[in-house]
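Colleague: Provided herewith is a single structure, encoded as C-alpha cells, for subsequent inquiry.
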Amino acid sequence: MSDPICAAPLWADATANPPGSAEALPKQVDVLIVGAGYTGLSAARETAAAGRSTLVLDSGEVGAGCSSRNGGQVAYSIKPSFGSLTAKYGAELAFRICREGLDAVAHLRSLATQQFDCHWRADGCFFGAYTVRHFERMAHDAQHQPRGLEQNISVVPRAEQQAEIASDFYHGGCVYHDDASVDPARLLFALWRRAVDGGASVMDSCPVDAIQSAGGGFEVLTRRGVVRARQVLLATNGYSGPLSPWHRRRVIPIGSYQIATEPLGRERVRALIPHGRNIVDSRRVIVYFRPSADGERIVFGGRAAAGESNPMVCVPPLRRMMEGIFPQLQSVRVTHAWVGWVAYTFDTLPHLGCHRGIHYCMGYCGQGVPLAPYLGKRIGQQMLGLAEGRTALDGLPFPSRPYYRANPWFLAPSVLIYRLMDAIGS
Ligand SMILES: Cc1cc2nc3c(=O)[nH]c(=O)nc-3n(C[C@H](O)[C@H](O)[C@H](O)COP(=O)(O)OP(=O)(O)OC[C@H]3O[C@@H](n4cnc5c(N)ncnc54)[C@H](O)[C@@H]3O)c2cc1C
C-alpha cells in the first residue's frame, strides 16, 4: 500500500508557520490588524516601526490562510489590461494602476534579494498558449506593449517549445523573463520576523468576532477578550467572514488547489522544465506549476473544484491535468495536497482604503505573493497618514453585486462554462 498523502503544503515540511506571541491580550492598542498573512504582517511592520502599538490577530496559526499555502509564483499581477482600464478610467490613471503591478514585483524583489532568505529564483515564467488563437494574441500583445509598462518578454513558437517544457501540450507561448519564484513559507516567516522586530505583537488562535465603534476608536471583540484600538485594518482577503458584511459582499472566496509529486530527482525535473521556470497557461480555468524550491519535485496547482475544502477530492482532477501536460508523470506518486481560499473581486482589481473608519486591503485575485506585501506596506503607511502610502488604486469603487451576499453560488456554473469554453478552444 502506498503512503497516505499529506494534507498540508509541501513548504511546511521545511518551515513551520511562525509562532504566535504568548503574551496576554492587551487592553488597548493604537493599531489592531485582523489577519496575520502577508498583508497584515506587512502593514504591521509599518505602523509598529513608526512607534504605534500594533497587534495582529489571526483566528488560526500565524499565516494560516493563503500566505502559507500558495505556489510562490511572482509575476506582474494587475489582471485587467491597460486597454480595458483606459476605457474605464482614462489613460493616465490606467497607466498608474498598471505601474502598481510592476512596483509590487520590484518591491518583493528588493526584499527577497537584499533582506530575506526566501529562496528567490529569478528564472522567469513560460506562459503556454492553449490554442493557436491564444498564441497569436499573446505574440501580438508581447510585441505591442504599452510604453512605460514594458516587461521583458520573448515569444516562443511551438517549434521551439521543447526548450521550455518537455511537452507538446501547448501551441507555443511567451517567456516572461522578469518573473520569479519564492518559498512561500520562508517569505511568510521573513515578513513575520520583520514585523515582530519592528515592535508588532502577533497572536494566533484568536478569532475576531466583532468590531464596534467606540469613543472615536473601536472595541474589538475577540475570543480571548476585548481590545480597544484607535485604528483597525482588515487583512482577511479570501477568509473574510461575517466580521464585516460590507467586505464580504465584495470579495469572492475561490478555492485554489495544489499537489506535489514525490521527489523525482533534479535531473528528471530539469528534463521536464529545462530552465526551471514557473509555468502557467492561457486557459480560463488556469493551471500553474513549477519545480519545488529544491528542484526535486513538480508542484502543480489549479482550480480543480469551485468550493471543495477537502484537498484529497482534488487530487484525481489535478493529476489528470498534470498528466495531460506531462504524460511522463503517469506513474509518479503524489505526496502532498492542499487548498486555500483566494479572493476575487468583481472588477478583478485589488482594493485598499477605509470604509466607516475601518481600513482594509484585499482582493488580489490569486496573485497576492507580490501584491500583498506591497499593498500591505502601503495601507500601513496610509494608516500613518504618510503621503508615500498613496496608490493609484485609492478611491476606486469597490464593487459588489445585488445578487451577492456571501455565498458565491454562481461559481460552480461559471467554472463549468469556462471549462466548456476551454474545451472548445474559444
Ligand atoms: C493554493 C494557492 C496557490 C497560490 N499561488 C499563488 C502564486 O503562485 N502567486 C501569487 O501571487 N499568489 C498565489 N496565491 C494567492 C496568495 O497566496 C494570496 O493572494 C496572499 O497570500 C494573500 O495574503 P493575505 O495576507 O492578504 O491573506 P491570507 O494569507 O489569506 O490571510 C488572511 C488571514 O485572515 C485570517 N482571518 C480571517 N478572518 C479572521 C478573523 N475574523 N479573525 C482573525 N483572523 C481572521 C485568516 O485566518 C488568514 O490567516 C495562491 C493561493 C493559494 C491558496
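Colleague: Which of 68, 153, 335 sits closest to the plus end of the dipole of the chain, meaning its Cα is farthest towards the positive end, when Lys and Arg get +1 and Asp and Glu get -1 on the C-beta?
Modeller: Towards the positive end, the residue furthest out is 68.
Colleague: Against the longest principal axis of the chain, how steep is helix 38-49, in degrees 0 to 90 to the nearest 10, with axes from Cα atoms?
Modeller: Approximately 40 degrees, to the nearest ten.
Colleague: Taking other Cβ within 10 Å of each residue's Cβ, how do 120, 246, 341 sort, fewest first? Before the final figure, lay out the partial values.
Modeller: Numbers: 120 22, 246 14, 341 19.
The fewest-first ordering by Cβ neighbours comes to 246, 341, 120.
Colleague: Suppose every Lys and Arg Cβ carries +1 and every Asp and Glu Cβ carries -1, with no other charges. What dipole size does the range 76-155 come out with about its Cα centre, to the nearest 20 debye?
Modeller: Numbers: 9 positive and 8 negative charges, 41 e Å.
Magnitude of the dipole: close to 200 debye.
Colleague: Then there's this: Indicate the gyration tensor shape class of the chain (rounded, prolate or oblate), computed on the Cα atoms with a ≥ b ≥ c the square roots of the eigenvalues: a/c under 1.5 is rounded; otherwise a/b larger than b/c is prolate and the rest oblate.
Modeller: In terms of gyration-tensor shape, prolate.
Colleague: Calculate, in nm to one decimal, what residue 421 and residue 114 gain on full extension: separation in residues at 0.36 nm each, minus their alpha carbon distance. Walk me through the numbers on the way to the answer.
Modeller: Details: separation 307, 0.36 × 307 = 110.52 nm, distance 4.36 nm.
The span from residue 421 to residue 114 would gain 106.2 nm if fully extended.
Colleague: Quick one: order 131, 54 by neighbouring beta-carbon count within 10 Å, fewest to most. Display every interim value, and only then the final one.
Modeller: Details: 131 16, 54 30.
Final ranking by Cβ density, sparse to dense: 131, 54.
Colleague: A follow-up question, please. Take every DSSP beta bridge with both residues inside the chain and express the antiparallel ones as a percent of the total, to the nearest 5.
Modeller: Working: 48 of 68 bridges.
Around 70 percent of the beta bridges assigned by DSSP in the chain are antiparallel ones.
Colleague: For the chain, modelled as a GNM with alpha-carbon contacts under 10 angstrom, which of 349, 221, 41 fluctuates the most?
Modeller: The residue with the greatest mean-square fluctuation here is 221.
Colleague: Among the lysines, which have Cα under 23 Å from the Cα of residue 27 when same-chain residues fewer than 8 positions away are ignored?
Modeller: none
Colleague: Something else: Give me 85, 25 sorted ascending by neighbouring Cβ count inside 10 Å, so fewest comes first.
Modeller: On the way: 85 22, 25 18.
With the sparsest Cβ surroundings first, the list reads 25, 85.
Colleague: Quick check: the angle from helix 132-143's long axis to the longest principal axis of the chain, C-alpha only, nearest 10 degrees?
Modeller: Taking the Cα atoms of the chain, the angle to 132-143 is about 60 degrees.
Colleague: Moving to a separate point now. Using helices alone, I'd like the mean residue ellipticity at 222 nm for the chain: each DSSP H run of four-plus residues gives -39500 (n - 2.57), total over residue count, nearest 500. Present the calculation step by step, with values, prior to reporting the outcome.
Modeller: Working: 10 runs with 121 residues, N = 426.
Calculated mean residue ellipticity at 222 nm is -9000 deg cm²/dmol.
Colleague: For residue 355, enumerate residues with amide H under 5 Å from its amide H, sequence gap 5+ or separate chain, H modeled in the peptide plane.
Modeller: Those qualifying (amide H under 5 Å, at least 5 residues apart or on another chain) are 360.
Colleague: Let's test the formula: R0 of 51 Å, r as the Cβ-Cβ distance of residue 390 and residue 163. What FRET efficiency results, to the nearest 0.05?
Modeller: Numbers: r = 43 Å, r/R0 = 0.85.
Working from the Cβ atoms, E equals 0.75.
Colleague: Which ³J(HN,Hα) values, rounded to whole Hz and listed in residue order, are derived for the range 254-270 from phi using the Karplus coefficients 6.51, -1.76 and 1.60 in 6.51 cos²θ - 1.76 cosθ + 1.60 with θ = phi - 60°, glycine and proline given as x?
Modeller: 10, x, 10, 10, 9, 10, 10, 7, 4, x, 9, x, 4, 4, 5, 5, 4
Colleague: In degrees between 0 and 90, to the nearest 10, how far off the longest principal axis of the chain does helix 411-423 point, with axes built from Cα atoms?
Modeller: Orientation of helix 411-423: about 20 degrees from the principal axis.
Colleague: Report Rg (one decimal) and Dmax (nearest whole number) for the range 189-331, counting Cα atoms only, units Å.
Modeller: 21.0, 64
Colleague: When only Cα pairs under 8 Å and 6 or more residues apart are kept, what is the percent relative contact order across the chain?
Modeller: Working: 927 pairs, mean separation 101.5, N = 426.
Over the chain, the number comes to 24 percent.
Colleague: Dipole size in debye (nearest 20) for the range 10-83 around its Cα centre, Lys and Arg Cβ +1, Asp and Glu Cβ -1?
Modeller: About 220 debye.
Colleague: Relative to the present Cα-Cα distance, how much length would full extension add between residue 152 and residue 403 at 0.36 nm per residue of separation? Each step should come with its number before you reach the end.
Modeller: Numbers: separation 251, 0.36 × 251 = 90.36 nm, distance 4.11 nm.
The residue 152-residue 403 span can extend by a further 86.3 nm.
Colleague: Would you mind working out the magnitude of the charge dipole of the chain relative to its Cα centre, with +1 at each Lys and Arg C-beta and -1 at each Asp and Glu C-beta, to the nearest 20 Debye? Could you put the intermediate results ahead of the total?
Modeller: On the way: 43 positive and 36 negative charges, 195 e Å.
The dipole of the chain has a size of about 940 debye.
Colleague: I've got another one for you. Evaluate the relative contact order of the range 271-364 (contact order divided by residue number), counting alpha-carbon pairs under 8 angstrom at least 6 apart; express in whole percent.
Modeller: Relative contact order comes out at 15 percent.
Each reported figure results from applying straightforward, stated rules to the coordinates on display, with no laboratory input. From a predicted model like this one, the values you see are computed outputs, not experimental measurements. We place every Cβ from the backbone using ideal geometry, glycine too, and count neighbours over all the protein chains shown.
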